[in-house]
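So the structure is just underneath, and the comments pick up after that.
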Amino acid sequence: MILTRQTPTRTSRATLILTGLLGFLICTIIFSIGIGAVKIEPLQVLGILARAIGLDLGIAFESQQEAVMLIIRLPRVLLGILVGAALALSGAVMQGLFRNPLADPGLIGVSSGAALAAVAMIVLGVTVFNANNLLALPVAAFAGGLATTLLVYRVLSQNGRVMVGTMLLAGIAIAALSGAATGLLTFVATDAQLRSITFWSLGSLGGATWETLGVAAPFLVLTLLIMLRFSRALNAFTLGEAEAGHLGVDVERIKLAAIVVTALAVGAAVSVVGIIGFVGLIVPHLLRISLGADHRFLLPGCILLGSSLLLCADLIARTIVAPAELPIGIVTALLGAPFFLWMLIKSRQVGA
Amino acid sequence: MKNRVLAVFSSLALVSLALAQTVTVTDAEGKQISISDTSRVLTLGGPVTEIVFALGQGEKVIATDTSSYFPAAVGALPKVGYQRSLSSEGIVAQKPSLILTTTEAGPPAAIKQLRETGITTLILAADPSVQGAKNKIIAIGKVFGVQPRAEALARGIDLDLAQAKAYFTQIKKKPKVLFVYARGAGTLLASGTGSAADGMIKLAGAVNAITGYEGYKPLTSEAVVAAAPDAVLFLTDGLKSIGGVEGALKLPGIALTPAGKNKRIVDMDDLYTLSFGPRLGKAVIDLTFLLHPELKRPSGL
C-alpha cells in the first residue's frame, strides 16, 4: 500500500530510535528495582532473582532486601510497565482515531467513570462485597469505567455509526458530570474516606501486589497486543474516515473495536492504580516528533516510552519524600503539564 | 540456705525466660498475634505511640507516623508518612521487628504488603472510647510484658474521669457545646453524634449542641444559631487557622449564639483532645474546667 511505504532511511532511523527506547526501558527497570527506601545493588537484584528460581549465585543480600524486592517492588515495577504502556498506547490509538492531538484515554469517559464508581463505593460504603477483599474496589472501578464508555457510545452512535467529533465534546461533558458527582461524594466523606479518594483521583502504584498484578495483567497484555494491530488502519485514518473507507478499511468496525479495547485497557489500568494523567497525552506527541506519524513505529514506541516514563515518575514519587510517598498523578502532572505547554509554544513557532 | 539460693536463682531464671518469651495478643479482628521481638518497634497513630511511651518503652520505638507528635521525644524519630496513606517500602526500610498500630492505618494494600514481608504487625481496634483506650493500653502492656504498669495507667484514667465527674456534677445545668473542626475559614465542620469529639463533650459533663446527625457536616450559620451553643470548642491548630478567638467570633452565626455573646470560645490540642490515648483522663479534667467556667480549679489539679 502506498500509505505505509517508507524510504529505507526513514525505516532504519525509526528502528534505531525504537532500539534506543528499548535500552532506556531496560535501564529504567534496573534502576526502578534497585532504588528506593531500601537500596538493592544491581548485582544483588540478579542474586535475589536467581535465588527465587532456586539458584545460588553466591551474591550476598539481606533477607529484608529480598522481601522488599520480591513482595513489594517487583510487582510494582511490572504493573508500572503494563500500565504505562497501556495508557500511552491507548492515547496514541485515541489520537489516531479521533484525528485530534488533544484526545487522551480519558476522553471516552472510562477513567472518570472508573474513579466515580470507586469513590462512590468508598463513601457510600457499599458492602455488597467483603470489605476485606482488596479486589472489590478494582472490580467496581472497572465496571464503572466500562459502563460509562458504553453510555457515551450509546448516546453518540446513530444507526451503528459513531460521531467522532461529537464524542470529543461528550467526553468533556462526561468528565464534568462525574467530576461533580465525585465532588459531591468528597463533600460528605470522612477523613479516612478522603485518603482513599486521593488514591483514586491522583493515582499510585503503591498498592501493587502479585494478586492485583495477576488480575490486571491478562487484560493489559491482551489489549496491548490487540491495539498494536490497529497500526495500518490508523495510518489510513490520518487521511480522513471516508478516505480510509476507500482504502478498504472497515471504518465502523475499527472504531468500535478501538473504543472497546481502549476502554478495557484504561479501565483495567485505572482500576488498579487510579487515574494517572498526562502519560496518554504526552507520550504519543513526544514520539511523533522523533518517529513521525507512522503508527507502525509509533505504537510500539508508545509501549516502550510509556512504560519507562511511568516507571521514572513512580521512582520520583516514592523517593522524593521517602520514607513517605507522593501520589504519582502529582508527579506526572507536575512534569507533564509544563512540558506540554512548552511543546505547544514550540510547535506554534515552527508553524509561524 | 542452699535451697533458698537455688530458689532465688530459679526464679531469676524464670524471669529471664519470661522476658525472652513469646507473648500472644489478640488483634482487632480477634486473631492471635505472636510477638517475640520488641527490640525495634514502629508505631503508627498518635494514641498508640503515646501509650508505648507512657509505659516507659519509648526507647524501643525506632520510627512513627506524622500523627504521632507527643511526647516531645518522638520529634527526633523518622516519620514514615501519615498513618492513613502509608507506603510499605518506607516502613520496611526502617527494619522494624514489630509494627504497632490501629485499624485507622492504611491503605489496606500497604498493610497486606507489610504482613507478606513477614514483619510482625499488631493492629488494635481504633475505638475512640474510654473502654477502647483502656483496651489498647492493656494490650500494649502485654506486648512489652509490663502488665502491672499498663493496669495502673488504665486505672489512672478511671480515677481522673471520676474526679472530673465529681466536679461537673456540682453544676446543675449542662452546657451545650458545639465542636468545630476548622482548617481555615473555608473548611469548617461541626461534629454531630458518634464522633470522638462528641464522646469527649459527654465525658466532660456537657452536651453536644448538635444531635441531628452522626459524624461531621459542614457548618452553616443557620445551624449554628439553631444549635445555640453555650460554648464553642475548637482544636488549637484549627482555631489558629481561622485567626484565633477574634476570627471565630466573626464566623457567620457564632456572634448570635450564647457562646458568641459571652465570648466562650475554647480550644484544646488535637491529639490531646481526640485521640483517646493514655492522657484521656487528664484531657477530660482540662475540658471539664474549660466548659464549666463556674467551677474553680484547685491548684495542683
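Does the range B:169-192 hold any residues that are hydroxyl-bearing (Ser, Thr, Tyr) and in a loop (DSSP other than H, G, I, E, B), and which are they?
Of everything in the range B:169-192, those that are hydroxyl-bearing (Ser, Thr, Tyr) and in a loop (DSSP other than H, G, I, E, B) turn out to be B:Thr169, B:Thr187.
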Residues satisfying the stated conditions in the range A:229-247, i.e. touching a residue at least 12 places away in the same chain (Cβ under 8 Å) and surrounded by fewer than 22 Cβ atoms within 10 Å (Cβ to Cβ): A:Ser231, A:Arg232, A:Asn235, A:Thr238, A:Leu239, A:Gly240, A:Glu241, A:Leu247
Taking the range B:108-138 and keeping only residues that are within 8 Å of chain A (Cβ to nearest Cβ) and surrounded by fewer than 22 Cβ atoms within 10 Å (Cβ to Cβ), one is left with B:Pro108, B:Ala109, B:Lys112, B:Glu116, B:Thr117, B:Gly118
Within the range A:62-81, does at least one residue satisfy the condition of being more than 14 Å from chain B (Cβ to nearest Cβ), among the acidic types (Asp, Glu) and either over 26 Å from A:Val272 (Cα atoms) or touching a His at 6+ places or on another chain (Cβ under 8 Å) (or both)? no
Residue, surrounded by the most Cβ atoms within 10 Å (Cβ to Cβ), within the range B:51-73, restricted to residues that are away from every other protein chain (no Cβ under 12 Å) and over 18 Å from the mean Cα position of the chain (by Cα): B:Lys60
Check the range A:317-330 and report whether any residue there is surrounded by fewer than 17 Cβ atoms within 10 Å (Cβ to Cβ) and among the charged types (D, E, K, R). no
Restricting attention to helices (runs of 4 or more DSSP H) lying wholly within the range A:236-352, give those where 1 or more residues are of a type in the set (Lys, Arg) and more than 21 Å from the chain's Cα centre (by Cα). A:251-273, A:328-351
Tell me the residue from A:Arg13, A:Arg73 that is among the basic types (Lys, Arg), under 29 Å from the mean Cα position of the chain (by Cα), surrounded by 17 or more Cβ atoms within 10 Å (Cβ to Cβ) and assigned to a helix (DSSP H, G or I), please. A:Arg73
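For the range A:213-227, give me each residue that is more than 11 Å from A:Val261 (Cα to Cα) and surrounded by fewer than 20 Cβ atoms within 10 Å (Cβ to Cβ).
Applying the first criterion (more than 11 Å from A:Val261 (Cα to Cα)) to the range A:213-227 yields A:213-218, A:221.
Result: A:Leu213, A:Gly214, A:Val215, A:Ala217, A:Pro218, A:Val221.
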Here the qualifying pairs (Cβ atoms under 7 Å; residues six or more apart or on different chains; first in the range B:20-34 and touching a residue at least 40 places away in the same chain (Cβ under 8 Å); second part of a loop (DSSP other than H, G, I, E, B) and of a type in the set (Val, Ile, Thr)) come out as B:Ala28/B:Thr103; B:Ser34/B:Thr22
Residue list for the range A:100-144, restricted to those being within 19 Å of A:Ala170 (Cβ to Cβ) and at pLDDT 85 or above: A:Val110, A:Ser111, A:Ser112, A:Gly113, A:Ala114, A:Ala115, A:Leu116, A:Ala117, A:Gly144
Out of the range B:193-222, which residues are assigned to a strand (DSSP E or B) and without any contact (Cβ under 8 Å) to a residue 24 or more places away in the chain? B:Thr193, B:Glu214
Among the listed residues B:Ala76, B:Ala93, identify the single one that is hydrophobic (A, V, I, L, M, F, W, C) and more than 7 Å from every other protein chain (Cβ to nearest Cβ). B:Ala76
Which pairs do you get when a residue that is without any contact (Cβ under 8 Å) to a residue 12 or more places away in the chain, found in the range B:71-95, comes within reach of a residue that is of a type in the set (Ser, Thr, Tyr), reach meaning Cβ atoms under 9 angstrom, with the pair 6+ apart or on two chains? B:Gly75/B:Tyr69
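The values are calculated or read from the model by the stated rules, or taken from the named source; none is laboratory data. Keep in mind that this is a model prediction, so the values were computed, not measured. Neighbour counts are summed over all protein chains in view; Cβ atoms, including those assigned to glycine, are modelled from backbone coordinates with ideal geometry.
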